[in-house]
Every structure is written in C-alpha cells, then in structure tokens.
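Only the coordinates and a few stated rules stand behind these numbers; no lab work does. Owing to the predicted nature of the structure, the values given are computational and were not obtained by experimental measurement. When we count neighbours, we look across all protein chains shown, and the Cβ atoms used for this are built from the backbone with ideal geometry, even at glycine.
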Amino acid sequence: MKCCRVVCDTAQGIAQCDVHLRAEATIAEALEAARQLLGEEAADWRGATTGIYGRVYSREHVPADGDRIELYRALKIDPRSSRRARAARAT
C-alpha cells in the first residue's frame, strides 16, 4: 500500500485529499479515488494534464509512496503572448 496526495486548483481554491492505493496503482487510479472524495465538479478529471511535484507525467505513470499528484488547469492566456503585448504597449 502507498499514500499519495492529489491536488487540484478549483474556482473555490485548492482542493486536495490523500488517497491510499495499492503499490502498483497508476496516476489514473489515484485520480479516480480522489474524484470519489472531492466530487466530479472539483476538477477536469479526464482532460487535465497531470504531474508530480511540477513535472508532467502521463496517467499511466506509477507514482511513489508520498508523491503529490497534481492536476493542471489550462491557461486562459499564453504567458509569452501576454508578456510581448505588455512590452509592445510600453514602448
């Protein structure tokens, strides 16, 4: 058995829970367990990019005991485009 923390950013703030999994469980299985605890509306459980400690991993990856599994929201604005637009307005 292993324990992982699942964290997602919601409109109401950060939602997180600890899930207890079998040793060979994948990120996908951890997300399914977290969805049961946090609710369907908490995150884009099927479409969001996933990672561990800020590094992107596929849903087939097997996390280690104690890992923090994160669901990432899509950015509404590309940060590079936004930075370029601000720089162009400043000149």
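The set of residues from region 33-57 being surrounded by 16 or more Cβ atoms within 10 Å (Cβ to Cβ) and out of contact with any Asp or Glu (no Cβ under 6 Å at 6 or more places or on another chain) comprises A33, A34, R35, L38, A42, A43, W45, A48, T50, Y57. Looking at A30, A15, A74, A85, just one residue is hydrophobic (A, V, I, L, M, F, W, C), in a strand (DSSP E or B) and free of Cβ contacts under 8 Å to residues at least 60 places away in the same chain, and that residue is A15. The selection criterion, being without any contact (Cβ under 8 Å) to a residue 12 or more places away in the chain, exposed (fewer than 11 other Cβ atoms within 10 Å of the Cβ) and part of a loop (DSSP other than H, G, I, E, B), does not hold for G66. In region 1-30, the qualifying residues are those that are more than 15 Å from T50 (Cα to Cα) and of a type in the set (D, E), and the one that is surrounded by the fewest Cβ atoms within 10 Å (Cβ to Cβ) is E24.
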